[in-house]
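Everything below concerns the one structure shown next.
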Amino acid sequence: MNPSVQTIAAQDITLHQLSETFGLVRTDEAQFFPEWQDNLPELSPVEQQWLDQVKDDYLHLSQYPMLEPIVKMVVLSPLLSVAGFYRSPFYLAAEHEVRITSQDNGTIVHGKIDILICQPQFWITVIEAKRAEYSLKVGIPQALAYMMAHPQPEKPAFGLVTNGTEFIFIKLSQQPTSRYSFSNEFSVLNQGNDLYRVAGILKQLGRIAQSLS
C-alpha cells in the first residue's frame, strides 16, 4: 500500500473529515428527504400490539447495561420483522465489509456494517446499532461512510442509527453532489410509541427500494 495513503476506520471518522475529504454536505431542504414523512404505510393492530410489547421489554431491560447484541435482538429484530425484511425479495447481511476511497486516492475509510438490508444488487438500509448509553451522534458519521459505499451511487441511500432508545434516519444522495439529511429523532421514552413510526418508515423504504430496483 502506498505509504502516503491515509487509512481510517469507519468507527473513527468524523463529519468534518467526510466533508473535507469526500465533499459531503448536509442539507436542510424540506423536499430532500420526504420519505420519512409522506404517506407512511399503516400498521395493523397486531403489529402495534407487538411493538407495544417490544417497548415494554426494552424499558425493563434498559435498567441494566445493554450491549449492541442486546439492542439488535430486543429492538431491531422485531422492527425488521414488522417491516417485512425477513421475507422475499429482501435479505439481510451482518458485518458486511465496505471500503470507500477519496477521489485523489489519498484516503481510504474501511469498516463493517452492523446490519445491511438488501435485495439483489440494491442496498435498502444501512443500520448502525450502538450501546444504549451512546449518543446517536457517535454512529452518524460511521453510517454515512458506509452509505457512501452504496454499489449504485446514482440512487439514494438510506441509513438508520439507533442505540435502542433513540432512532434517526439518514438519506444520502451522491449525484450531482454528495448531500445528506436527517429525519426527526424518535425515542422509546416518548409518550405513545415511536416504534410505530420507525416501523412505518422502514416499510416505506422497502417499498421505495422495490420501485427503484
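The values are calculated or read from the model by the stated rules, or taken from the named source; none is laboratory data. On a predicted model such as this, the values are computed, not experimentally measured, just so you know. Cβ atoms come from the backbone with ideal geometry, glycine included; neighbour counts cover every protein chain shown. Side chains included, ligands, DNA and RNA excluded: accessible areas come from the protein's heavy atoms. Shrake-Rupley method; radii C 1.70, N 1.55, O 1.52, S 1.80 Å.
Quick one: count up the residues across the range 53-65 that are in contact with a Ser or Thr (Cβ under 9 Å, 6 or more places away or on another chain) and in a loop (DSSP other than H, G, I, E, B). Number of matching residues: 1. Does at least one position in the range 189-212 carry a residue that is within 23 Å of Gly84 (Cα to Cα), open to solvent by less than 10 Å² (accessible area, probe 1.4 Å) and part of a loop (DSSP other than H, G, I, E, B)? No: the range 189-212 contains no residue that is within 23 Å of Gly84 (Cα to Cα), open to solvent by less than 10 Å² (accessible area, probe 1.4 Å) and part of a loop (DSSP other than H, G, I, E, B). Of all residues in the range 1-21, those being at pLDDT below 90 and not β-branched (Val, Ile, Thr) number 9.
Within the range 175-187, being in a loop (DSSP other than H, G, I, E, B) and in contact (Cβ under 8 Å) with a residue 12 or more places away in the chain holds for Gln175, Thr177, Ser178.
Among the strands (runs of 3 or more DSSP E) confined to the range 74-174, the ones with at least 1 residues that are open to solvent by less than 10 Å² (accessible area, probe 1.4 Å) are located at 107-119, 122-129, 157-162, 166-173.
Restricting attention to the range 15-42, which residues are farther than 18 Å from Ile100 by Cβ, of a type in the set (A, V, I, L, M) and either open to solvent by less than 50 Å² (accessible area, probe 1.4 Å) or in contact (Cβ under 8 Å) with a residue 24 or more places away in the chain (or both)? The one that is farther than 18 Å from Ile100 by Cβ, of a type in the set (A, V, I, L, M) and either open to solvent by less than 50 Å² (accessible area, probe 1.4 Å) or in contact (Cβ under 8 Å) with a residue 24 or more places away in the chain (or both): Leu40.
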